[in-house]
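Structure record follows, encoded as structure tokens.
The values are calculated or read from the model by the stated rules, or taken from the named source; none is laboratory data. None of the values given here were measured: they were computed from a predicted structure. Cβ: placed from backbone, ideal geometry, glycine included. Neighbour counts: every protein chain shown. Note: areas computed on protein heavy atoms with side chains; ligands, DNA, RNA excluded. Shrake-Rupley method; radii C 1.70, N 1.55, O 1.52, S 1.80 Å.
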Amino acid sequence: QVELVESGGGLVQAGGSLRLSCVLSGRTFSSYAMGWFRQAPGKEREFVAGISRSGSITYYLDSVKGRFTISKDNAKNTVYLQMNSLKPEDTAVYFCAADTQLLPRTEREYNYWGQGTQVTVSS
């Protein structure tokens, strides 16, 4: 059974930075592509960033390109989301997701999900 546990959320001022972490347990981490999604109040969950199983391919939501960086440490079973130049519109619950597919991008393509971590950006 795959378990994902996120950490690193919090309250930050606009322009600040946060780094989210997500640890996968229960299976071989290097077999999974990983993704980050977010859901703001009253909105649907949206894809933010994804990374391939090897970590060699990354892809992003257009609005976070150049500000967010996803990375993967297979030795630590951990995926990270470094978020810089944060904006109030980045406020949301951020979810980590995993799947064995090649480059999953939609909610439907991910089978495993964490509980989420709150990120709040004040103006």
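Between residue 118 and residue 106, the simple spin-label model (points 7 angstrom out along Cα→Cβ) gives 3.1 nm.
Remark: the residue 45-residue 59 segment gains 3.3 nm on full extension, using 0.36 nm per residue and subtracting the alpha carbon distance.
Bridging of residue 65 to lysines at a Cα separation below 18 Å is possible for 87, once same-chain residues fewer than 8 apart are set aside.
Distance from the alpha carbon centroid of region 1-44 to that of region 49-123 works out to 6 angstrom. Each principal axis of the Cα atoms in the chain has its own extent, and those three values, largest first, are 40, 26, 23 angstrom.
Treat every Asp and Glu Cβ in the chain as -1 and every Lys and Arg Cβ as +1, leave all other atoms uncharged, and give the resulting dipole magnitude about the Cα centre to the nearest 20 debye.
200 debye
Sorting 79, 93, 23 by solvent-accessible area of protein heavy atoms yields 23, 93, 79, largest first, with a 1.4 Å probe. Among the aspartates and glutamates, which have Cα under 18 Å from the Cα of residue 76 when same-chain residues fewer than 8 positions away are ignored? Counting by Cα, and skipping residues close in sequence, residue 76 has these aspartates and glutamates nearby: 3, 6, 99.
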